[in-house]
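**Student:** Structure incoming, see below.
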Amino acid sequence: MADTCLICELESADASTQVFADDLWAASIVPGYDVPGWYFLRARRHAEKITGLNDDELATFGRRAQDLVAAVTTATGAEATYMLMFGEAFPHFHVLITARGAEIPPQSRGGELLKLRAEKADFEASKALIPAVRAAYLQRAATSGTPLATEATR
């Protein structure tokens, strides 16, 4: 773990905030981004940016991302589900998966959705959504041919 890496610190987060974890990837609610339907999909080891991923991580990232986006869309009924990657504030490789409902006005869609983070944050509602997203993820993973996580929840 790198010194003071917020993403690495998620390894010790409460299991009730986690959608899944396998040997390489984990998806969970993240403090400060705890909007219902928003999750970080992150490499479990400290790998900086997409260029820092090893061959196994690269080979599995697309399937994990696709399965998580599908699960979030199913569980939330989102009109759109975004996958965002920046890597400047937190270089540890991760993507932010965000559900966007029909109630979000056009001027707040796309990257503008991030400006609603503080207004829409609700840790308890985010946590309450985890079982539905987890179930949808496990169902999707089982039907997509993804080897199921070695630890669906920690």
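The values are calculated or read from the model by the stated rules, or taken from the named source; none is laboratory data. Computed from a predicted model, the values in this text were never measured in an experiment. Cβ coordinates were reconstructed from backbone atoms using ideal geometry, including for glycine residues, and neighbour counts include every protein chain displayed.
**Student:** So, in the range 1-25, of the ones that are closer than 18 Å to PHE123 by Cβ and of a type in the set (Gly, Ala, Ser), which residue ends up surrounded by the most Cβ atoms within 10 Å (Cβ to Cβ)?
**Tutor:** Step by step, filter the range 1-25, then rank; the result is ALA13.
**Student:** Looking at (1) over 15 Å from the mean Cα position of the chain (by Cα); (2) assigned to a loop (DSSP other than H, G, I, E, B); (3) surrounded by 15 or more Cβ atoms within 10 Å (Cβ to Cβ); (4) among the hydrophobic types (A, V, I, L, M, F, W, C), find the lone condition where LEU113 falls short.
**Tutor:** (2)
**Student:** If you don't mind, there's one more thing I want to ask. Going through LEU96, LEU114 one at a time, which residue ends up being within 17 Å of GLY32 (Cα to Cα) and at pLDDT below 95? It would help to see each step written out before you state the result.
**Tutor:** Values: LEU96 fails: at pLDDT below 95.
Result of the check over LEU96, LEU114: LEU114.
**Student:** Evaluate the following for SER144: is it of a type in the set (Gly, Ala, Ser), touching a residue at least 60 places away in the same chain (Cβ under 8 Å), farther than 23 Å from LEU6 by Cα and in contact with an Asp or Glu (Cβ under 7 Å, 6 or more places away or on another chain)?
**Tutor:** On the way: of a type in the set (Gly, Ala, Ser): yes; touching a residue at least 60 places away in the same chain (Cβ under 8 Å): yes; farther than 23 Å from LEU6 by Cα: yes; in contact with an Asp or Glu (Cβ under 7 Å, 6 or more places away or on another chain): yes.
It is true that SER144 is of a type in the set (Gly, Ala, Ser), touching a residue at least 60 places away in the same chain (Cβ under 8 Å), farther than 23 Å from LEU6 by Cα and in contact with an Asp or Glu (Cβ under 7 Å, 6 or more places away or on another chain).
**Student:** Scan the range 87-100 and report the pairs whose first residue is among the polar types (S, T, N, Q) and whose second residue is surrounded by 23 or more Cβ atoms within 10 Å (Cβ to Cβ) and not in a loop (DSSP other than H, G, I, E, B), with Cβ atoms within less than 8 Å and a gap of 6+ or a chain change.
**Tutor:** Note: pairs meeting the criteria are THR98/TRP38.
**Student:** Sticking with this one: Six or more apart or on different chains, Cβ under 6 Å: which pairs go from a residue in the range 121-137 that's touching a residue at least 60 places away in the same chain (Cβ under 8 Å) and more than 16 Å from PHE40 (Cα to Cα) to one that's in a helix (DSSP H, G or I) and among the hydroxyl-bearing types (Ser, Thr, Tyr)? Could you list them?
**Tutor:** That search, which allows pairs on different chains as well, returns ALA136/THR74.
**Student:** All but one of (1) acidic (Asp, Glu); (2) closer than 21 Å to ALA132 by Cα; (3) crowded, with 16+ Cβ neighbours inside 10 Å hold for GLU57; which doesn't?
**Tutor:** Of everything listed in (1) acidic (Asp, Glu); (2) closer than 21 Å to ALA132 by Cα; (3) crowded, with 16+ Cβ neighbours inside 10 Å, GLU57 misses just condition (2).
**Student:** Moving on to the next point. If I ask for residues that are touching a helix residue (DSSP H, G or I) at 6+ places or on another chain (Cβ under 6 Å) and among the basic types (Lys, Arg), which ones from the range 28-64 would you list? Quick ask: steps written out before the conclusion?
**Tutor:** To start, the set of residues in the range 28-64 that are touching a helix residue (DSSP H, G or I) at 6+ places or on another chain (Cβ under 6 Å) comprises 28-29, 34-37, 41-43, 46.
Residue satisfying the conditions is ARG42 alone.
Residue-wise test of (1) of a type in the set (Lys, Arg); (2) assigned to a strand (DSSP E or B); (3) surrounded by fewer than 18 Cβ atoms within 10 Å (Cβ to Cβ).
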| site | (1), (2), (3) |
| --- | --- |
| VAL72 | no, no, no |
| GLU88 | no, no, yes |
| ARG117 | yes, no, yes |
| GLU124 | no, no, yes |
| ALA136 | no, no, no |
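**Student:** Still on this structure, please answer the following. When the residues of the range 1-33 are filtered to those that are polar (S, T, N, Q) and at pLDDT 95 or above, which remaining residue is nearest to PRO91 (Cα to Cα)? First the steps, then the outcome.
**Tutor:** First, the residues of the range 1-33 that are polar (S, T, N, Q): 4, 12, 16-18, 28.
From what's left, at pLDDT 95 or above: 17-18, 28.
Numbers: THR17: 22, GLN18: 21, SER28: 17 Å.
Filtering the range 1-33 for residues that are polar (S, T, N, Q) and at pLDDT 95 or above, the one nearest to PRO91 (Cα to Cα) comes out as SER28.
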